[in-house]
1. Quick one: length gained pulling residue 8 to residue 40 fully straight, 0.36 nm per residue minus the C-alpha distance?
2. Could you please rank 15, 22, placing first whichever residue has the fewest other Cβ atoms within 10 Å of its Cβ?
3. Would you compute, from DSSP H runs of 4+ residues alone, the mean residue ellipticity of the chain at 222 nm, taking -39500 (n - 2.57) per run and dividing by the full residue count, rounded to the nearest 500?
4. FRET efficiency for residue 15 and residue 58, Cβ-Cβ distance as r, R0 = 22 Å, nearest 0.05?
5. What's the exposure ranking of 37, 68, going from fewest to most Cβ atoms within 10 Å?
6. Largest first and in whole Å, what are the equivalent-ellipsoid semi-axes of the stretch 1-61 based on the Cα gyration tensor, each being the root of 5 times an eigenvalue?
7. Please report 45, 11, 60 as a ranked list, fewest other C-beta atoms within 10 angstrom at the top and most at the bottom.
8. Evaluate the relative contact order of the chain (contact order divided by residue number), counting alpha-carbon pairs under 8 angstrom at least 6 apart; express in whole percent.
Amino acid sequence: VLALLLERVAERACRDTWRNIRDDLRQIKLAQLSGPHGRIWQVTEPGTDARKRLKALEIEAPPAVVDHV
């Protein structure tokens, strides 16, 4: 039930369907890159539509590098 409520809140904030919101945000990917000096977790740059969705939802875009070991 909570998931449906969150979907509805997102739909109202973005003034669009959950399907479209999900498709735009799904373009943001997290990748783990490994090398001889360690690992790094990198996030793809959000596209224009994804940035608009994040802004409407008042969520900051993720940093390019999330973690490194």
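FYI, it's all coordinate maths here, none of it is from the lab. Note that this is a predicted model, so its numbers are computed, not measured. Cβ sites come from the backbone with ideal geometry, for glycine too, and all protein chains shown count toward neighbours.
1. Numbers: separation 32, 0.36 × 32 = 11.52 nm, distance 3.47 nm.
Fully extending the segment from residue 8 to residue 40 adds 8.0 nm.
2. 15, 22
3. On the way: 3 runs with 30 residues, N = 69.
Dividing the helical sum by the residues of the chain leaves -13000 deg cm²/dmol.
4. The calculated FRET efficiency here is 0.95.
5. Working: 37 8, 68 11.
Going from sparsest to densest Cβ surroundings: 37, 68.
6. Values: eigenvalues 164, 32, 17 Å².
The three semi-axes for the stretch 1-61 are 29, 13, 9 Å.
7. Values: 45 12, 11 15, 60 7.
Ascending Cβ contact count within 10 Å gives the list 60, 45, 11.
8. Values: 76 pairs, mean separation 19.7, N = 69.
Rounded, it is 29 percent for the chain.
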